[in-house]
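Dropping the structure in here first, questions after.
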Amino acid sequence: MIGVTIKHLRYFEALAKLGHFGRAAEACTVSQPALSVQIKDLEELIGAPLVERGGRQIRLTSLGEQFAQRVREILRSVDELEELARAADGPLTGQLRIGVIPTVAPYLLPGVIKALIQSYPGLEPRPREATTHKLIGNLLEARLDLAIVALPVSEAALTEMPLFDEEFVLVRPLEDAGKPVPSSNKLHEMKLLLLEEGHCFREQALSVCNITDPSPRELMEGSSLSTLVQMVGAGIGVTLIPQMAVAAESRSSNVCMFRLREPRPSRTIGIVWRKTNPLASQFAQIADIVREVGLHKQREMHDLLRA
């Protein structure tokens, strides 16, 4: 297999994962013909077909399936070699691929990026917003360096570092501002608006409300916290949002927001990375920066809430 390059392997890995030449080319930021040429070149170097062509989707041959598994292992090792070199090169520089869950990204990420650039002038943060399941998969595949998520994730291959806890906040229509704040275990009796399936905050909200088997007829879903808050403002129901979202989501919304009664439900925000990553000591320093930004945001939000 003399002549096989890392470029060959990265293009093939993208094609194996996405199952489509066009999407793989887009992921690799090259044209589709360029990617097709590289895959064909790889097959000629190997001396056997890796891909069954035909139709919109492609399928891997039996050899292609085995080859894809080995390629992922090779690329993970290559990425870790690059990280090892960065760890020995003094202050953290270059690209830093950060994953962030959607219920954190809009509210915390701007402050985090600003603080990171100030602390590490040579750093190039590359954030990606996705659900926890996707972020953990990307971490394990070495597509991300670290991720900011709600803990625990309970993945043996990852290091988890708690950063701060934040409360869940009740959002009600403005006309309900004078009503007593219900306890958490009474929320299941109200018309609750939730994020759609796949968001960890949905499961956390269901747990807070002691709902174990939600009926689609009793709950309404939204794709973002902003959508849920606007639905509340329209009088459709109530919802829960994380404390850090209060300032952003209360703007131009006909709603009122309250802290829940004691014991106030909360979640733990943390940062995770692969245990094998040699940049662990630098990531711990980044975690300290994220923690400080999060705690500052919490202090700001606390002043906006009605107890």
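The values are calculated or read from the model by the stated rules, or taken from the named source; none is laboratory data. Every value quoted in this text rests on a predicted model; they were computed, and no experiment measured them. Because the Cβ atoms are built from the backbone with ideal geometry, glycine has one as well, and the counts that use them run over all protein chains shown.
At least 2 residues that are touching a His at 6+ places or on another chain (Cβ under 8 Å) in each: list the strands (runs of 3 or more DSSP E) lying fully within the stretch 62-158 that qualify. Steps first, please.
On the way: elements: 94-100, 123-129, 146-151.
Hits in the stretch 62-158: none.
The rows are residues; the columns are (1) part of a helix (DSSP H, G or I); (2) surrounded by fewer than 16 Cβ atoms within 10 Å (Cβ to Cβ); (3) assigned by TED's automatic domain parsing to the domain that holds Arg76; (4) among the hydrophobic types (A, V, I, L, M, F, W, C).
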{"residue": "Lys17", "(1), (2), (3), (4)": "yes, yes, yes, no"}
{"residue": "Ala24", "(1), (2), (3), (4)": "yes, no, yes, yes"}
{"residue": "Leu35", "(1), (2), (3), (4)": "yes, no, yes, yes"}
{"residue": "Gln38", "(1), (2), (3), (4)": "yes, no, yes, no"}
{"residue": "Asp41", "(1), (2), (3), (4)": "yes, no, yes, no"}
{"residue": "Leu45", "(1), (2), (3), (4)": "yes, yes, yes, yes"}
{"residue": "Gly54", "(1), (2), (3), (4)": "no, yes, yes, no"}
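Consider the stretch 142-154. How many of its residues are over 20 Å from Val293 (Cβ atoms) and surrounded by 15 or more Cβ atoms within 10 Å (Cβ to Cβ)? If you could, list the steps in order and put the result at the bottom.
Looking only at the stretch 142-154, we keep the residues that are over 20 Å from Val293 (Cβ atoms), and these are 142-143, 152-154.
Filter once more, keeping what is surrounded by 15 or more Cβ atoms within 10 Å (Cβ to Cβ): 142-143, 153.
Going through the stretch 142-154 one residue at a time, the tally reaches 3.
Does the stretch 121-140 contain any residue that is surrounded by fewer than 18 Cβ atoms within 10 Å (Cβ to Cβ), out of contact with any Ser or Thr (no Cβ under 7 Å at 6 or more places or on another chain), more than 23 Å from Lys275 (Cα to Cα) and not aromatic (Phe, Trp, Tyr)?
Yes: the stretch 121-140 contains one or more residues that are surrounded by fewer than 18 Cβ atoms within 10 Å (Cβ to Cβ), out of contact with any Ser or Thr (no Cβ under 7 Å at 6 or more places or on another chain), more than 23 Å from Lys275 (Cα to Cα) and not aromatic (Phe, Trp, Tyr).
Can you confirm whether Val30 is aliphatic (A, V, I, L, M), surrounded by 14 or more Cβ atoms within 10 Å (Cβ to Cβ) and outside any helix (DSSP H, G or I)? Explain how you work it out, then say what you get.
Details: aliphatic (A, V, I, L, M): yes; surrounded by 14 or more Cβ atoms within 10 Å (Cβ to Cβ): yes; outside any helix (DSSP H, G or I): yes.
In short, yes.
Follow-up. Does Val78 qualify as being hydrophobic (A, V, I, L, M, F, W, C), modelled with pLDDT under 90 and under 23 Å from Gly3 (Cα atoms)? Write out each step before concluding.
Values: hydrophobic (A, V, I, L, M, F, W, C): yes; modelled with pLDDT under 90: yes; under 23 Å from Gly3 (Cα atoms): yes.
It is true that Val78 is hydrophobic (A, V, I, L, M, F, W, C), modelled with pLDDT under 90 and under 23 Å from Gly3 (Cα atoms).
Does Leu163 satisfy being surrounded by 20 or more Cβ atoms within 10 Å (Cβ to Cβ) and out of contact with any helix residue (DSSP H, G or I) (no Cβ under 8 Å at 6 or more places or on another chain)?
On the way: surrounded by 20 or more Cβ atoms within 10 Å (Cβ to Cβ): yes; out of contact with any helix residue (DSSP H, G or I) (no Cβ under 8 Å at 6 or more places or on another chain): no.
When the stated conditions are applied, Leu163 does not pass them.
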